[in-house]
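Notes for the one structure printed next.
The values are calculated or read from the model by the stated rules, or taken from the named source; none is laboratory data. These figures come from a predicted structure and were not determined experimentally. In this analysis, Cβ positions are derived from the backbone assuming ideal geometry, glycine residues included, and neighbour counts consider all displayed protein chains.
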Amino acid sequence: MNPAPRVSLFCTCLLLSLTAAACGPTDVPDARRDLLQSWGDTFLFPTYSRFKHQTAQLAADSEVYCAAPSEKRFETLQAGWQQARESWKQSEVFSFGPTKEFPWRLEPKIDFWPARPDTVEQRIELGGEFDADQIGAAGKGFPAIEWLLYGDPGQADLANDSVRCRYLGTITEDLARSAEQLLTAWEPQGDNYLAELTQAGRGSESFDSLRMALSEVVNRMGFLVENIRSEKLGKPLGSGKSNADPTKTESQFSGRSFEDIKDNLMGLERLYFGHNRGLGLRDYLAKQNANFDEPMRVRLEHVREAIDRVPSPLTRAILESPQDVVAVTERLSELQRLIQIEVVNALSLTLAFNENDGD
Amino acid sequence: MRGWNHLLRLANQPRSAQGLAAFRILFGTACFLGTCRFAAKGWISDLYVLPTFHFKYYGFEWVAPLPAPWMFGVFFAMGLSAALFTLGLATRAALAVFFLLFSYCELIDQSTYLNHYYLISLLALLLFALNSDECWSLNARLRPSPAPALVPAWQYWLLQAQMSLVYFFAGVAKLNADWLLDAEPLQRWMNTYSDLPLVGELLSSTPVAYAMSWTGAFFDLTIALWLLLPTTRRLAFVGVLIFHLMIWLLFPVGVFSWVMIAAATVFFSPSWPQHWLTRSGPPLALVSREPARDLPGRFSVRLAMLTGLYLALQVAIPLRHFAYPGWVNWTEEGFRFAWRVMLIEKTAQVEFRVHASGSERATTVFPREQLAQLQYTQMSTQPDMIQQYAKHLARSHAADNGESARVFVDAWASLNGRPAQRYIDPDVDLAAEPRSIFPKKWIVPLAERPLLQPSLE
């Protein structure tokens with residue numbers, strides 16, 4: 001046999017193997033699939049499940065409070081709101097799919113911000129029966145509940161105004177319903193959106209390949225950081241000729257703005273390092289001979305330290321010590337750079353949602 | 001003069017028109033299917049209708065997208081013209097329409113640039129200039145002739161020269177330390193296939209990355225030669241098939257592989273389709289050594305000047321990056337239209353600071369808010385596009401506020417696994433810098449750092 005046919009035979013075999021690999025059996029293990037599944041099992045489901053129970057408890061507590069208002073019950077309500085808020089903010093890195101897309105599109109129902117107290121007050125003033133489905137996004141969800149629990153009118157108004165309290169009951173129940181829908185949308189026994197990720201390339205409608213599915217989550221980590229910089233800090237801080245504006249702040253009545261950001265970062269950290277003994281992005285990076293553990297740890301720490309240096313709440317900090325808030329955005333920028341440039345480069349995950357062809 | 005006459009005689013030697021017709025049909029089919037695929041993926045809307053801002057090529061700032069229904073019409077006409085020249089009906093007109101519409105769409109937005117789109121434009125232009133419908137076309141059926149369908153030899157030469165340049169410059173571009181000494185970015189890309197069953201471990205191993213890098217460079221540099229030589233052509237074509245099918249399987253390159261496989265047939269004997277269809281005897285490459293006087297598209301002094309100019313440009317354009325300082329893979333000055341294919345893994349993060357006149361505080365602009373994802377991805381790694389967006393921000397500020405603004409950029413990038421570094425000088429007002437083809441002094445040079453895992457600086 002002369003060498004030429006031998007070479008072509010080898011190459012043809014390689015090509016056939018590749019084709020077989022591409023169209024091969026569906027139960028072949030894949031580290032990306034394992035990672036996506038693990039994120040679902042050890043991070044997303046437990047967090048959304050907790051969120052569901054916390055919001056259900058919040059609705060129940062609001063019913064109890066309205067039946068017989070008391071200072072202690074009001075504090076329980078506030079604590080319930082804080083706990084549910086913590087879970088929601090930790091899961092924000094998964095802000096795609098059911099939170100953004102129809103038929104669910106749950107994010108506006110759960111967390112439409114900046115808050116619009118006027119919308120809430122106008123609806124309460126109208127009185128009558130409250131139907132959550134007829135209340136717009138600005139009139140319900142976390143910010144509206146926050147206004148009722150922490151806003152100017154305060155506990156006295158809520159305790160003395162049965163209409164107001166009934167409104168609270170309606171929108172806390174609606175929040176609990178949205179939280180339940182969110183979990184159902186992701187769970188295998190529900191709409192199973194997680195399978196859109198884990199079954200990428202095997203019939204997933206949203207992702208043609210595991211590369212795209214992993215890219216979605218990793219890019220979301222970067223976008224979350226950018227979102228904190230641009231929306232949560234940048235807009236309230238103002239820039240150029242616009243002045244600082246506390247009404248553009250997230251969680252402005254409860255003063256929880258920085259806690260929200262810390263919870264966002266906690267979610268991001270859990271995806272990277274793994275949570276509840278589950279896999280983290282670091283495990284997949286290690287398979288690619290890449291290790292960003294130390295820079296990730298240090299940059300997260302730098303952000304948290306910078307946040308701790310800002311006098312809380314954010315609504316006051318943007319007016320009194322904006323330079324400290326700017327310092328937080330700078331530390332966040334370093335974190336974003338690590339994720340969006342170096343991690344993405346190491347994983348060859350170009351930032352793309354509508355993948356056009358390459359080269 | 002004797003040399004010229006000899007060249008003229010060689011160029012006008014008649015060849016079977018079948019090879020050219022087969023290429024027209026294969027290329028046209030790829031163009032037609034590519035157009036349908038583009039529409040089916042929703043890219044007409046994503047890339048031309050939805051964006052509110054478009055990146056323009058220098059000198060082509062006047063090219064703008066048509067309103068939505070007309071853009072869909074453009075693609076319909078493009079697909080129709082591809083179908084027409086595939087069938088060989090009103091071939092020249094169809095090729096002209098296809099070339100103009102395809103090039104128009106490419107010129108609308110720089111972010112859609114792909115090397116193979118540029119190649120499609122060039123091949124459509126060349127086919128327009130050639131007599132590709134002398135046989136196997138509806139045109140030929142409508143005016144049947146008892147004489148064999150022939151075209152002059154130069155028509156094959158021109159296509160062969162074009163494809164040779166594409167491969168050769170793609171090979172030359174790979175002659176750099178990243179590609180040859182570090183097997184980057186192939187090693188990085190192949191690592192993502194480590195989970196493939198059967199071949200994953202093999203594909204992601206370092207020796208395979210090196211083997212593929214070196215083989216790829218050797219392939220690109222020499223394949224045209226092997227395809228030209230009759231003794232090696234068969235094996236070379238098997239190589240072309242394997243090379244491009246592997247690329248198609250491993251990377252999202254759309255119709256690129258199919259266009260390249262179709263284009264490799266221009267190196268075959270001109271009567272290869274006849275031989276392939278009938279499998280009777282060896283292909284007859286040379287119909288006659290004597291130039292036929294009634295041959296269509298005969299070579300002439302004017303044609304010689306035109307093709308000479310065209311080929312000189314095709315050589316000069318890929319070499320123009322030598323006129324710029326710095327490494328072209330980093331600066332991207334002279335990167336486009338130069339067959340620098342599948343060469344870099346570059347990621348970047350870009351934000352703009354808009355300073356209103358008289359104000360010390362800046363507005364930070366996150367370009368993702370306005371740009372489509374593809375636009376942002378492309379812009380963030382290409383300095384000329386970063387500058388365009390800076391100028392756009394300055395214009396928008398002036399329009400909204402009636403005053404000028406300075407625009408600075410915070411741009412960081414990583415090339416082939418290097419740690420992220422500054423890409424653009426953050427102290428240069430990009431809006432004030434003139435847009436030109438001259439070197440951009442505000443591109444920060446690539447730091448001489450090895451391809452390392454990141455560490456905190």
How many residues of the stretch B:320-346 are in contact with a helix residue (DSSP H, G or I) (Cβ under 8 Å, 6 or more places away or on another chain) and at negative phi? The answer is 16
Restricting to the stretch B:29-58, and then to whatever is within 20 Å of B:ILE261 (Cα to Cα) and of a type in the set (A, V, I, L, M), can you tell me which residue is surrounded by the most Cβ atoms within 10 Å (Cβ to Cβ)?
B:ALA30
Residues being more than 9 Å from chain A (Cβ to nearest Cβ) and touching a residue at least 24 places away in the same chain (Cβ under 8 Å) - total across the stretch B:191-204
0
Selection within the stretch B:196-224 - in contact with a helix residue (DSSP H, G or I) (Cβ under 8 Å, 6 or more places away or on another chain) and among the aliphatic types (A, V, I, L, M):
B:LEU196, B:LEU198, B:VAL199, B:LEU202, B:LEU203, B:VAL208, B:ALA209, B:MET212, B:ALA217, B:LEU221, B:ILE223, B:ALA224
Counting only helices (runs of 4 or more DSSP H) entirely within the stretch B:70-181, those with at least 3 residues that are among the small types (Gly, Ala, Ser) are B:91-108, B:115-129, B:153-173
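Assess whether B:LEU20 counts as being buried (at least 17 other Cβ atoms within 10 Å of the Cβ) and aliphatic (A, V, I, L, M).
So B:LEU20 passes the test.
Considering the stretch B:88-102 alone, what residues qualify as being surrounded by fewer than 19 Cβ atoms within 10 Å (Cβ to Cβ) and either hydroxyl-bearing (Ser, Thr, Tyr) or within 26 Å of B:TRP248 (Cα to Cα) (or both)? It would help to see each step written out before you state the result.
Quick first cut of the stretch B:88-102, residues surrounded by fewer than 19 Cβ atoms within 10 Å (Cβ to Cβ) only: B:89-90, B:92-93, B:96, B:100.
Within the stretch B:88-102, none qualify.
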Among A:ARG211, A:ARG282, A:ARG277, A:ARG220, the single one that is under 15 Å from the mean Cα position of the chain (by Cα) and either surrounded by fewer than 22 Cβ atoms within 10 Å (Cβ to Cβ) or of a type in the set (Gly, Ala, Ser) (or both) is A:ARG220
Given the conditions (1) free of Cβ contacts under 8 Å to residues at least 60 places away in the same chain; (2) crowded, with 20+ Cβ neighbours inside 10 Å, report the number of the one that B:ALA153 does not fulfil.
(1)
Residue by residue through the stretch B:382-429, note down the ones that are closer than 24 Å to A:LEU335 by Cα and surrounded by fewer than 19 Cβ atoms within 10 Å (Cβ to Cβ).
B:ASP410, B:GLN421, B:ARG422, B:ASP425, B:PRO426, B:ASP427
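Here's the yes/no breakdown for (1) more than 23 Å from B:LEU228 (Cα to Cα); (2) at pLDDT 60 or above; (3) within 30 Å of the chain's Cα centre (by Cα):
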| residue | (1), (2), (3) |
| --- | --- |
| B:THR265 | no, yes, yes |
| B:PHE268 | no, yes, yes |
| B:SER271 | no, yes, yes |
| B:GLN274 | no, yes, no |
| B:PRO283 | no, no, no |
| B:ARG289 | no, no, no |
| B:ALA292 | yes, yes, no |
| B:ALA304 | no, yes, yes |
| B:THR307 | no, yes, yes |
What are the residues in the stretch B:21-57 that are in contact (Cβ under 8 Å) with a residue 12 or more places away in the chain and assigned to a loop (DSSP other than H, G, I, E, B), if any?
B:LEU50, B:PRO51, B:THR52, B:PHE53, B:HIS54, B:PHE55, B:LYS56, B:TYR57
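Tell me the residue from A:THR184, A:THR170, A:THR198 that is surrounded by fewer than 18 Cβ atoms within 10 Å (Cβ to Cβ) and either at pLDDT below 95 or more than 17 Å from A:ARG85 (Cα to Cα) (or both), please.
Values: A:THR170 fails: surrounded by fewer than 18 Cβ atoms within 10 Å (Cβ to Cβ); A:THR198 fails: surrounded by fewer than 18 Cβ atoms within 10 Å (Cβ to Cβ).
None of the others qualify; the one that does is A:THR184.
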Test for A:GLU107: is it surrounded by fewer than 21 Cβ atoms within 10 Å (Cβ to Cβ), free of Cβ contacts under 8 Å to residues at least 24 places away in the same chain and closer than 21 Å to A:HIS53 by Cα
yes
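Yes or no: the stretch B:231-247 includes at least one residue that is in contact with an Asp or Glu (Cβ under 8 Å, 6 or more places away or on another chain) and without any contact (Cβ under 8 Å) to a residue 24 or more places away in the chain. Steps first, please.
Within the stretch B:231-247, the subset in contact with an Asp or Glu (Cβ under 8 Å, 6 or more places away or on another chain) is none.
For the stretch B:231-247, residues in contact with an Asp or Glu (Cβ under 8 Å, 6 or more places away or on another chain) and without any contact (Cβ under 8 Å) to a residue 24 or more places away in the chain: absent.
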Of the residues that sit in the stretch B:393-416 and are under 27 Å from the mean Cα position of the chain (by Cα) and not hydroxyl-bearing (Ser, Thr, Tyr), which one is farthest from B:SER359 (Cα to Cα)?
B:ASN416
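Of everything in the stretch B:239-254, what is more than 16 Å from B:GLY216 (Cβ to Cβ) and surrounded by fewer than 21 Cβ atoms within 10 Å (Cβ to Cβ)? Give them in sequence order. Can you show your working first?
Taking the stretch B:239-254 first, the residues more than 16 Å from B:GLY216 (Cβ to Cβ) are B:252, B:254.
If the condition is that a residue be more than 16 Å from B:GLY216 (Cβ to Cβ) and surrounded by fewer than 21 Cβ atoms within 10 Å (Cβ to Cβ), then B:PRO252 is the only one that fits.
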B:ALA398 passes all but one of the listed conditions (1) closer than 23 Å to B:THR112 by Cα; (2) in a helix (DSSP H, G or I); (3) away from chain A (no Cβ under 12 Å); the exception is number (1)
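Going by the structure shown, is B:ARG406 more than 14 Å from chain A (Cβ to nearest Cβ), of a type outside the set (A, V, I, L, M, F, W, C) and over 26 Å from B:PHE335 (Cα atoms)? Outline the logic, then answer.
Values: more than 14 Å from chain A (Cβ to nearest Cβ): no; of a type outside the set (A, V, I, L, M, F, W, C): yes; over 26 Å from B:PHE335 (Cα atoms): yes.
It is false that B:ARG406 is more than 14 Å from chain A (Cβ to nearest Cβ), of a type outside the set (A, V, I, L, M, F, W, C) and over 26 Å from B:PHE335 (Cα atoms).
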Condition set modelled with pLDDT under 95 and among the hydroxyl-bearing types (Ser, Thr, Tyr), scope the stretch A:322-350, selection nearest to A:GLN252 (Cα to Cα): answer is A:THR350
Test for A:ALA159: is it within 27 Å of the chain's Cα centre (by Cα) and farther than 22 Å from A:ARG256 by Cβ
no
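Taking helices (runs of 4 or more DSSP H) that fall entirely within the stretch A:252-326, which contain at least 3 residues that are farther than 30 Å from A:ARG211 by Cα?
Working: elements: A:257-273, A:281-287, A:293-309, A:314-320.
In the stretch A:252-326, A:257-273, A:293-309, A:314-320 are the helices (runs of 4 or more DSSP H) which contain 3 or more residues that are farther than 30 Å from A:ARG211 by Cα.
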Of all residues making up the stretch B:339-375, the number that are closer than 21 Å to A:GLU231 by Cβ and either within 7 Å of chain A (Cβ to nearest Cβ) or free of Cβ contacts under 8 Å to residues at least 24 places away in the same chain (or both):
11
